[in-house]
Amino acid sequence: MEKLKYERPVIQKLNTGLMNKFGMSTENHPMRDIDGIPVKELIEKYGSPLFVLSEDKIRNKYRDLHTSFTVRYPKVQFAWSYKTNYLNAVCNIFHQEGSWAEVVSGYEYNKALLNGVPGEKIIFNGPDKSIDDLKLAVKNGSLIHIDHLDELYTLIELARNSERTPKVAIRVNMDTGVYPMWDRFGLNYENGQAWDAINKIMAVGTLNLVGLHTHIGTFMLSPNAYKVAATKLSELAIRIKQKFNKKIEYIDLGGGFPSQNNLKGAYLPGTDMVPPLEEYSEAIATALLNSPLNPQELPLLILETGRALIDHAGFLLGTVIANKRLNSGKRATILDVGVNILFTSFWYNHKVTPAQDFSDYREDMELFGPLCMNIDVIRESIQLPSLKKGDHVVVHNVGAYNMTQWMQFITLRPNIVLIDEDKNVHVIRESEHVEYINSMEKVPGHLKTFDLS
Ligand SMILES: *Cc1c(COP(=O)(O)O)cnc(C)c1O
């Protein structure tokens, strides 16, 4: 008997229009404009791909979140998380709204200073602060959040020869009931590391312990985790008051509130899955007010919210380069938007909407970027109407982390524009060009010439 030929099994997904594990198709209407400015016009003028930020959307979200805290707790201060998006125009919108700066490196610290943020309103987080960074931060009276004991000892030494008393807080990590627990930053609450560091700071007497800080994670879907965190930090503040009669000036609960992006692997889109931000302000304010903290001496509540304040305000416009059929028969659309500029596509299923009219026909397709690299996939599976070469798309919720984590890889980074509240469009970062990249390189003399003749 002749041996049967092997045929590779394939699973063909049936699309009946109902929800499947990739969620429901939400792209029912084209998105022709952003804040009233046509997508087509933006691309014609500023190129494709193009990042677009809406000042209106940034300010509105900030005001909503700020209000949701100030109606629940009397003393609230936001500090803009620079690493989330440190374009100067963006930082200055937050500073105009009243935000301080929250930085995690010497580079970000300098950026905040150059933007004009007063030293005392810069919160310096992160595990890597050089001696020079620390000296500058002490001199400027910035709030230094100690990450580990090595940093504490460096600061104690620095304080001996410094005119100003360093203002410090410790970063505390803890079990908030959400796992995996973030325990690599700061000092642990449960095992006593945090209390130990506090005792050491109080014992030397040359550092001013002004605050307690935690940043429990990112895209945290549990408001209750913040209640736990606020309770644990208040407990530390009360113990400090009891043992040293020292009032803690602020409790900083870090960032981590989710945006309405669609997490990979989640059954529901972010718009349905993410709790309203009021549940977070409610959880935090309740925990602080109901704690034994002296009501006459309530600490300032600091929040370092990043992604929840800016993700929704950023869009990435792109253009279809080509279409093809994969071996499986699945449609593939190649866009000029790659993972090098859309870093967050590794953990989000970004919503992608066509920017022009489309027919009722939908197909499950894969969206690729322009890189000559297998990993350059924007969406593994998405229900979209067919798109033609030259058609435009809008990628949603890209305001957080993409414009800081992007890579200059294979292609150059594109323009970023900001639409202001009067609908004026401003270029806030110019697209890169080959001379700019080359200006950073040096070719040794013996490598300057070659002869291929
Ligand atoms: C990244 C970071 C933030 C902002 O986090 P989001 O999850 O974007 O809100 C705040 N504080 C610290 C210390 C951070 O490292």
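Throughout, read-outs are computed from the coordinates displayed, never taken from laboratory work. None of the values given here were measured: they were computed from a predicted structure. Positions of Cβ are generated from backbone atoms using ideal geometry, with glycine treated the same way; all protein chains shown enter the neighbour counts.
Loop sites only, by DSSP: take the chymotrypsin sites (Phe, Trp or Tyr not before Pro) in the chain that have at most 10 other C-beta atoms within 10 Å and name the longest stretch containing none of them. Each step should come with its number before you reach the end.
Working: sites that count: 6, 361, 450.
Maximal segment without exposed cleavage sites: 7-360.
Quick one: of 83/139; 139/423; 57/139; 61/121; 351/388, which pairs are farther than 30 Å apart, Cα to Cα?
Details: 83/139 23 Å; 139/423 41 Å; 57/139 36 Å; 61/121 22 Å; 351/388 19 Å.
Cα-Cα > 30 Å for 139/423; 57/139; rest within.
Bin by bin, in steps of 5 Å, what percent of the Cα pairs in the stretch 56-311 do you find, going until the bin that has the longest distance?
1, 6, 14, 18, 20, 18, 13, 7, 3, 1, 0, 0
I'd like to compare 254-266, 301-313: which one has the highest average count of other Cβ atoms within 10 Å, and what's the full order after that?
Details: 254-266: 20.7, 301-313: 26.1.
Per-residue mean Cβ counts within 10 Å order the peptides as 301-313, 254-266.
What FRET efficiency, computed as 1/(1 + (r/R0)^6) with R0 = 41 Å and r the Cβ-Cβ distance, is obtained for residue 332 and residue 294, rounded to the nearest 0.05? If you can, show how the numbers build up before the last one.
Details: r = 63 Å, r/R0 = 1.53.
My answer for the efficiency is 0.05.
What is the distance, in nm, between label points placed 7 Å from the Cα along the Cα-to-Cβ direction at residue 3 and at residue 272?
4.9 nm
Compute the length gained on full extension between residue 206 and residue 451: take 0.36 nm times their separation in residues and subtract their Cα-Cα distance, giving the result in nm to one decimal.
Working: separation 245, 0.36 × 245 = 88.20 nm, distance 6.55 nm.
Additional length available on full extension: 81.6 nm.
If the viscosity is 1.306 mPa s and the temperature 10 °C, what Stokes-Einstein diffusion coefficient in µm²/s follows for the chain when Rh is the Kirkwood radius over Cα pairs? Intermediate results must be reported in sequence, preceding the final value.
Working: Rh = 24.4 Å.
Estimated diffusion coefficient is 65 µm²/s.
When the chain is fully extended, how far beyond the present Cα-Cα distance does residue 150 get from residue 247, taking 0.36 nm per residue of separation?
Details: separation 97, 0.36 × 97 = 34.92 nm, distance 2.51 nm.
Here the answer is 32.4 nm.
Residues in the stretch 339-380, backbone N under 13 Å from the label point at residue 322 (7 Å along the Cα-to-beta-carbon vector): list them, ranges by number please.
Only 368-373 fall inside the zone, counting backbone N under 13 Å.
Over the stretch 201-268, what per residue volume does the convex hull of the Cα atoms give, in whole Å³?
On the way: hull volume 6.8 nm³, N = 68.
Spelled out: Cα convex hull of the stretch 201-268, divided by residues, is 100 Å³.
Quickly estimate the mean residue ellipticity at 222 nm for the chain, helices only: each DSSP H run with n ≥ 4 gives -39500 (n - 2.57), and the total goes over all residues, rounded to 500.
-8000 deg cm²/dmol
Note down the nm distance, to one decimal, between modelled labels 7 Å out along Cα→Cβ at residue 75 and at residue 426.
Label-label distance for residue 75 and residue 426, simple model: 3.4 nm.
Filter the GluC sites (Glu not before Pro) in the stretch 73-176 to those in DSSP coil with at most 13 other Cβ atoms within 10 Å of their Cβ, and list the result. Walk me through the numbers before you get to the answer.
On the way: sites: 97, 102, 108, 120, 151, 157, 163; in loops: 97, 163.
Within the stretch 73-176, the qualifying GluC sites (Glu not before Pro) (loop, at most 13 other Cβ atoms within 10 Å) are 163.
Note down the relative contact order for the stretch 56-311 as a percent, whole number, built from C-alpha pairs under 8 angstrom at least six residues apart. Numbers along the way, then the final one.
Details: 470 pairs, mean separation 50.6, N = 256.
Result for the stretch 56-311 is 20 percent.
State, as an integer percentage, the relative contact order of the chain based on alpha-carbon contacts under 8 Å between residues 6 or more apart.
Values: 887 pairs, mean separation 84.5, N = 453.
Reported relative contact order: 19 percent.
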